[in-house]
Structure formats: C-alpha cells, structure tokens
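Student: Below is a structure I'd like to ask you about.
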Amino acid sequence: MNSFLQLKNISKHFNTDKKIKVLKNLSYNFNKGKMYALMGPSGSGKSTLLNLISLIDRPSLGSIQFNENIINFDNNKKNDLFRAKNIGIVYQQNNLLPDFTALENVYLANLSIDNDREAASTKAKALLKKIGLSNRLNHFPSQLSGGECQRISIARAIINDPEIILADEPTGSLDLNTAKEIFQLLNNQKSPNRLIIFATHNRFFANKADCLLEMTNGSVKTINV
Ligand code: ADP
Ligand code: MG
C-alpha cells in the first residue's frame, strides 16, 4: 500500500535579491498512525517544509501526494478546503486571532467547514473543557499564558478531527514544565488514522516520536526508524 503522504523530489527556492535554495530534491513518505519529529538548525528549512505540507506554500519543483491525489497548487480553493478539513496546524506562538476569545478561536475553525453555529459552539466548549480550560472560554489571547494559548491552539487544530497535525516548534517558547504538558497533549492526539509531524529543537521530545528526521542539505534524513 502506498504511504499516506508522499513528497517526491521537492525543491523550494525563494527569489529575493538572490535566489535561496532551501529544499533540494527532497523525497519522503509519511504514514498514518505515526508521529514524526523534524529536527535541524534554525534556517535549515523545517518551517518551509511544513508550509508546503500544509499547502500554505507551493514547491518550486516536485509533487505532494495525499493517498492517490497529487496536489494541484493552482487550485487554491480546493486546497484551502482540504487544509481546513484535514490539517490542524500549531505554531510556536501568536497564532490565535487576538480579537477573539478562546472559545471563538476554536469555534471558528469548526465553523469554517460546517455552518452549524450551535453544534460548533457545543463542540468547542466540550473540547476546551476536556483540556482543562473551561474557566478560560471568554478570555482573549492577551489575557492567557503561553501554555494556555498553546492548549487553545491544539484544541483549534483538532476540532475538525484532522488526518494530519503539523506543529512548528509548538513548545519553543515555553518553560520546561509547560513544554512537557503541551508536548504530552500533542502526543495524546496520536491515533491510527492520523499523521503528526512536529518541528523541534528539543531532543528529549524528538526522541519520543516514532520517527526522528533531520534536515540536512535541504533534504531529510531518518535518524531512527
Ligand atoms: P527553519 O524553520 O528550519 O528555521 P525556515 O524554513 O524558516 O527554517 O527557513 C529556511 C531558509 O529559507 C532561511 O534561510 C530563510 O531565511 C529562508 N526563507 C524562508 N521563508 C522565506 C521567504 N518567504 N522568502 C525568502 N526566504 C525565506
Ligand atoms: Mg521554523
């Protein structure tokens, strides 16, 4: 059987004043049911790679395939819907909408694929309660700690029960204990029908993944299997 996510011969260049080649002929297959850690120094292309997988950016060369479907990067509308339904994204920080409450941040992610406001609100409340934030529903991101914001980001990422979770240094701005809690929450989202990829500088967390990948020379290398 083919892998769930197949990256084939991906290259990514940025054309600023001079051309920067970030990813070079990168090929890798990801399977569901697993959690992958992506390591590598700053500037090695981790975020660039995650932005391609989330279809936020497009490769300069190469293809991305989910199951049997090769992504057409000219079809923004279809890709936006695919992302909303199937990909939950968690960033390092500041990715919540500042003018919306915790509840609204989570609720809006559900509303983007389903127009039932009542159901979205009920679902968002239940999810926030489950992760220990029922007393923070009406707080704005500026009124919440870094750890609380990351919990909300994770709730937002999972409310549509996505097949893929991408987390870009999700614990990078947290103190060690909070980082452990957030990593645990992310780890708890593992399921047979889901692929999780997270970028990190933390080897302790990376070692807990099923598969540890390292960015080197614009490509990925498996460190363990
Ligand atoms: P990492 O996440 O591993 O720290 P990034 O993927 O953010 O690395 O960046 C990899 C390289 O690509 C860096 O040299 C960065 O400056 C460059 N880069 C990233 N995004 C852009 C962009 N939009 N335009 C130009 N250069 C970029
Ligand atoms: Mg990055």
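Student: Rank LYS12, LYS24, LYS129 by accessible area, highest first, at a 1.4 Å probe radius? Provide the component values of the computation, followed by the final result.
Tutor: On the way: LYS12 15, LYS24 100, LYS129 140 Å².
Reading off the accessible areas and sorting them downward yields LYS129, LYS24, LYS12.
Student: Which value does Rg/Rh take for the stretch 178-225 over its C-alpha atoms, Rh per Kirkwood?
Tutor: Numbers: Rg = 11.7 Å, Rh = 11.9 Å.
Reported Rg/Rh (Cα atoms, Kirkwood Rh): 0.98.
Student: Averaging sequence separations of C-alpha pairs under 8 Å and six or more residues apart, then dividing by the length of the stretch 24-144, give the relative contact order as a whole percent. Don't jump to the answer; show the numbers that get you there.
Tutor: Numbers: 69 pairs, mean separation 22.7, N = 121.
Computed value for the stretch 24-144: 19 percent relative contact order.
Student: Could you tell me, in Å, what Rg and Dmax come out for the Cα atoms of the stretch 17-120?
Tutor: When restricted to Cα atoms, the stretch 17-120 yields Rg and Dmax of 16.3, 51 Å.
Student: If you consider only alpha-carbon coordinates, what radius of gyration and Dmax does the chain have, in Å?
Tutor: 17.4, 51
Student: Report, in debye and to the nearest 20, how large the dipole of the stretch 36-153 comes out about its Cα centre when Lys and Arg carry +1 and Asp and Glu carry -1 on their Cβ. Please list the in-between numbers first.
Tutor: Numbers: 13 positive and 10 negative charges, 57 e Å.
The dipole of the stretch 36-153 has a size of about 280 debye.
Student: Excluding LEU144 itself, what net charge comes from residues whose Cβ is under 12 Å from its Cβ, given Lys and Arg +1 and Asp and Glu -1? Please report the intermediate quantities before stating the final value.
Tutor: Working: positive: ARG136, ARG151; negative: GLU148.
Its environment carries a net charge of +1.
Student: Nothing charged except the Cβ atoms of Lys and Arg (+1) and of Asp and Glu (-1): what's the magnitude of the dipole of the chain about its Cα centre? Round to the nearest 20 debye.
Tutor: 460
Student: Moving on to the next point. Kindly work out what percent of the DSSP beta bridges joining two residues of the chain are antiparallel, to the nearest 5. Mind showing how you got there, number by number?
Tutor: Values: 20 of 37 bridges.
So the antiparallel bridges amount to about 55 percent of the total.
Student: Also, I was wondering about something else. For the stretch 27-132, with the dipole built from +1 on Lys and Arg beta-carbon atoms and -1 on Asp and Glu ones, taken about the Cα centre, which of ASN105, ASN79, ALA124 lies farthest toward the positive end?
Tutor: Ranked along the dipole, the leading option is ALA124.
Student: Find the relative contact order for the chain and round it to a whole percent, using C-alpha pairs within less than 8 Å whose residues are 6+ positions apart.
Tutor: RCO, the chain: 30 percent.
Student: Run the numbers for SER42 and ASN217: contour at 0.36 nm per residue of separation, minus the present Cα-Cα distance, in nm.
Tutor: In short, 61.7 nm is gained.
Student: Express in whole angstrom the spacing between the alpha-carbon centres of the stretch 1-37 and the stretch 115-164.
Tutor: 30
Student: Can you pull the accessible area of ASP80 for me, 1.4 Å probe, Å² to the nearest 10?
Tutor: My reading of the accessible area for ASP80 is about 80 Å².
Student: What number results when the radius of gyration of the stretch 46-107, computed over Cα atoms, is divided by 2.2 N^0.38 Å? Don't skip to the answer; put the middle values down first.
Tutor: Values: Rg = 13.7 Å, N = 62, 2.2 N^0.38 = 10.6 Å.
That ratio works out to 1.30.
Student: When the Kirkwood radius is taken over all Cα pairs of the stretch 112-170, what Stokes-Einstein diffusion coefficient follows at 20 °C and 1.002 mPa s, in µm²/s?
Tutor: Values: Rh = 12.4 Å.
Once the numbers are plugged in, D ends up at 173 µm²/s.
Student: Moving on to the next point. Can you list residues from other chains, or at least 5 along the same chain, whose modelled amide H is less than 5 Å from the amide H of ALA167?
Tutor: When sequence neighbours closer than 5 places are left aside, the close amide H contacts are VAL90, ILE197, PHE198, ALA199.
Student: Here's something else I'd like to know. Excluding same-chain residues fewer than 8 positions from LYS129, which aspartates and glutamates have a Cα within less than 15 Å of its Cα?
Tutor: Partners within reach: GLU104, GLU148.
Student: If R0 is 22 Å, what FRET efficiency do you get for ASN94 and HIS201 from their C-beta distance, rounded to 0.05?
Tutor: Values: r = 18 Å, r/R0 = 0.83.
Using R0 = 22 Å, I get an efficiency of 0.75.
Student: Under the definition of Cα pairs under 8 Å and six or more residues apart, what whole-number percent is the relative contact order of the stretch 1-94? Mind dumping the intermediate values first?
Tutor: Numbers: 114 pairs, mean separation 29.0, N = 94.
Relative CO of the stretch 1-94 lands at 31 percent.
Student: Also, I was wondering about something else. Taking only complete DSSP H runs, can you tell me which helices of the chain stretch 24 Å or more along their own long axis by Cα positions and average at least 1.0 on the Kyte-Doolittle scale?
Tutor: Details: long enough: none.
Passing helices, by number: none.
Student: ARG117 versus ASN75, label points 7 Å from Cα toward the beta carbon: distance in nm?
Tutor: Placing both labels 7 Å beyond Cα along the Cβ direction yields 3.3 nm.
The values are calculated or read from the model by the stated rules, or taken from the named source; none is laboratory data. Computed from a prediction, not measured in an experiment: that's the story for all the values here. Cβ: placed from backbone, ideal geometry, glycine included. Neighbour counts: every protein chain shown. We work out accessible area using only protein heavy atoms, side chains counted, and drop any ligands, DNA or RNA first. Shrake-Rupley method; radii C 1.70, N 1.55, O 1.52, S 1.80 Å.
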